[in-house]
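To keep things clear, I will list the structure first and then write my remarks on it.
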Amino acid sequence: MEYVSSLTGFRFDGRRPNEMRQIRGEIGVLAKADGSALFEMGNTKVIAAVFGPREVQNKSQQIDNQALVRCEYSMANFSTGDRARKPKGDRNIISYSADHGSKYINTFDASFSGKNLKQIDIFLQVLQADGGTRSACINAATLALADAGIPMRDIVTSCSAGYLCSTPLLDLNYVEDSAGGPDVTVGLLVKMDKMTLLQMDAKLPAEIFTDVMQLAIEGCKAIASYIREVLLENTKTLECMRGS
Amino acid sequence: MKELLISLNQTQKVRLQAALQHLAELASQVSSSNLAVTVADTIPVNNEDGILKGHGTTEFDGQVVATLCGIVERVNKLVYVRTLRARYKPEVGDIIVGRVIEIAPKRWRLEINFSQDAVLMLQSMNLPDGIQRRRTAVDELNMRSIFEENDVVCAEVRGFQHDGSLHLQARSQKYGKLERGQLLIIPAYLVKRRKQHFHHLEQYGLDLILGCNGFVWIGEHAEPIDSEVLEDRDKIPKDKQRDTPLEVRRNICRISNSVRLLSALGFALSVEAIVDTAEASKSSNVDIKDMLGAEFYVQTAEREVQRRASLLRKKRFV
């Protein structure tokens, strides 16, 4: 299949190869969570809720001088094209989410700062899946954590990039993602310029890989500047409403 | 912010927009020095020597960097970030309202919207009989007669212990169990530290406690009771005890709806603002249940604009 039109150079959904989908972030979407956010990348939509820092519920899990970060990731049954059947065994789901959870925790670990944090729970739910759910989840969690007032050394953002029709493509959607080409997901601490997540499930020559990764990094930076805009806007509104 | 789901019609939307616009303009006139930062923003310091980095800041590449979203505050050489939406950060002497979640040996554990549970020791509170003496094992067994689980309690922050736990104290008549009222939980940044956090609203017959931790208590006014009166009251059988009159209950609801409304709009809470809102609802014949409706929501925003504008004018006049 031709994922990039040889005639116009546009992709299926009319984007240029290095163009991102429209992103939108909203803070404070849930009333009962300490921090919450909704993040959209094109048709991918993720909701994140953060609880804590709070007392560790299971005392045996407590770690000294370190926050216990738990993360639960789930996809709504209605998030994909075909409605998912009800799972037969619960165990499958738990291990799946535990696995994913640890991935997100690894992504964030480097950015948490502050000594007396106790337990932080992050709940991520994919409402609509259209490729790049992992990136969207990380971005949503960043927004929600910042909203919850949890001190972080830096903002983590994530973006994916792929390589199809000998062109590096930024921010793959579902059609491009399921084409079977390489898909590089990058998580980045933007200010420190450190990578926290790098994932690829296919082979790529080294020099092309660098290009693709660089493209994903640029995507991360663009998302970071948008996220900071959203956060700053939110902070300003809250302060102005509060009055002096 | 999303506590209230209000559907506004087109005119109301326009009016609310205009009001919010006004508020933004007023805020920019009042203080232009307020600097809002987000996570990983660099805080400009003019390379003066001896800057003290306070809460919400860290150093990266020789620059001061914020780790929180909030407003930069400077006190002499200290630079820190004041957070807005975050959990409560206790300071010694704060008056707080909390909920008992556990009874442990010689102590109660209280949920106070802090990152850990607060501890109220048996020895740091006045006994009901009011006598100063050592706490005995019998007292320890009778702890549940003072506070039970899920009781709402008012206390004062005593300080942090060596192990990092937060201790409270309730060594006065004004502290203790709160009954016959409503507890509202609002974001802690909306309550400002004042000299007075206990308020007796005489015209309503209510007590209002604005806990620094964002727990607001609205209850029937209770006179601080002497020990003799307390003993007399215990003799009265439970079912003979007086119920809260309907009028007071209505007042409780009206005041708590004003609190809900102000916190949904994100306005700082003060007694004056709460009472003003309640009075305005009364004078314009708004039902208690309609106070959380769209029309009164917009009206409250507009009234706040006027209030702040007049404050600003007064300031300029002086």
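FYI, it's all coordinate maths here, none of it is from the lab. Treat the numbers as computed from the prediction; the structure is a model and nothing was measured. Glycine gets a Cβ as well: all are built from the backbone with ideal geometry, and neighbour counts include every protein chain shown.
The relative contact order of region B:87-178 comes to 34 percent, based on Cα pairs under 8 Å that sit 6 or more residues apart.
Reported to the nearest whole Å, the Cα centre-to-centre distance from region B:267-318 to region B:136-182 is 35.
Extension gain for B:Asp129-B:Ala280 works out to 50.1 nm (0.36 nm per residue, less the C-alpha to C-alpha distance).
For B:Asp290 and A:Lys32, the FRET efficiency from 1/(1 + (r/R0)^6), where r spans their Cβ atoms and R0 equals 25 Å, is about 0.50. What number, in percent, do you get for the relative contact order of chain B if the mean sequence gap of Cα pairs under 8 Å and at least 6 apart is divided by its residue count? Averaging sequence separation for qualifying contacts and normalising by length gives 16 percent for chain B. When Rg and the Kirkwood radius Rh are both evaluated on Cα atoms of the protein assembly as shown, their ratio Rg/Rh stands at 1.02. Charged neighbours of A:Asp183, selected by a Cβ distance under 13 Å, balance to -2 (K, R count +1; D, E count -1). Simple point charges give the picture: +1 on the Cβ of Lys and Arg, -1 on the Cβ of Asp and Glu, and for region B:87-178 a dipole about the Cα centre of about 220 debye. Springs join every pair of Cα atoms under 10 Å in this Gaussian network model of chain B, and among B:Arg82, B:Arg134, B:Arg254 the largest mean-square fluctuation is at B:Arg134. With Rh defined as the Kirkwood radius, the inverse of the mean 1/r over Cα pairs, the Rg/Rh of region B:87-178 is 0.93.
Each Lys and Arg Cβ is given +1 and each Asp and Glu Cβ -1; about its Cα centre, region B:35-84 then shows a dipole of about 200 debye. Neighbours of A:Ile150 by Cβ distance under 12 Å: Lys/Arg scored +1, Asp/Glu scored -1, total +2. Each residue, B:Phe60 and B:Gln17, gets one label point 7 Å from its Cα in the Cβ direction; the gap between the two is 3.7 nm.
Here the residues B:Thr42, A:Thr167, B:Thr67, ranked from fewest to most Cβ neighbours within 10 Å of their Cβ, fall in the order B:Thr42, A:Thr167, B:Thr67. Neighbour counting of Cβ atoms within 10 Å sorts the residues B:Arg194, B:Arg242, B:Arg99, fewest neighbours leading, into B:Arg242, B:Arg194, B:Arg99.
Taking the number of other C-beta atoms within 10 Å as the exposure measure, put A:Glu239, A:Glu72 in order starting with the fewest.
By the 10 Å Cβ count, ascending: A:Glu72, A:Glu239.
By the Kirkwood approach, averaging reciprocal distances over each pair of separate Cα atoms, region B:1-156 gets a hydrodynamic radius of 20.3 Å. Bridgeable aspartates and glutamates around A:Lys191 (alpha carbons under 16 Å apart, same-chain partners fewer than 8 residues away excluded): A:Asp109, A:Asp154, A:Glu218, A:Glu229, B:Asp41, B:Glu59, B:Asp61.
The stretch between A:Ser178 and A:Tyr226 holds 14.5 nm of extra length on full extension. This uses 0.36 nm per residue minus the Cα-Cα distance. Taking 37 °C and 0.692 mPa s as conditions, region A:149-244 diffuses translationally at an estimated 221 µm²/s according to Stokes-Einstein applied to its Kirkwood radius (Cα pairs).
Between region A:160-213 and region B:24-102, the alpha-carbon centres lie 37 Å apart. Counting Cβ atoms of other protein chains within 10 Å of each Cβ in B:80-89 and taking the mean gives 5. One equal scatterer on each Cα of chain B, no solvent, Debye formula: the resulting log10 I(q)/I(0) at q = 0.13 Å⁻¹ is -1.10. Restricting attention to the protein assembly as shown, close to 85% of DSSP beta bridges with both partner residues there are antiparallel. Take every Cα pair under 8 Å whose residues are at least 6 apart in sequence, average their separation, divide by the length of region B:35-84, and the relative contact order is 41 percent. Computed about the Cα centre, the dipole magnitude for region A:135-244 is approximately 440 debye when only Lys and Arg (+1) and Asp and Glu (-1) carry charge, each at its Cβ. Ranking B:Leu16, B:Ile274, B:Ile96 by how far each Cα lies toward the positive end of the dipole of the protein assembly as shown (charges on Cβ) leaves B:Ile274 at the top. Dividing the summed helix terms, -39500 (n - 2.57) for each DSSP H run of n ≥ 4, by the number of residues in chain B produces a 222 nm estimate of -9500 deg cm²/dmol to the nearest 500. By its C-alpha gyration tensor, with a ≥ b ≥ c as the square roots of the eigenvalues, how is region B:35-84 shaped: rounded for a/c under 1.5, else prolate for a/b larger than b/c, else oblate? Here region B:35-84 falls in the oblate category. Ordering B:Thr42, B:Val75, B:Thr57 by Cα displacement along the dipole of region B:35-84 toward the positive end leaves B:Val75 in first place; charges were set at the Cβ atoms of Lys, Arg (+1) and Asp, Glu (-1).
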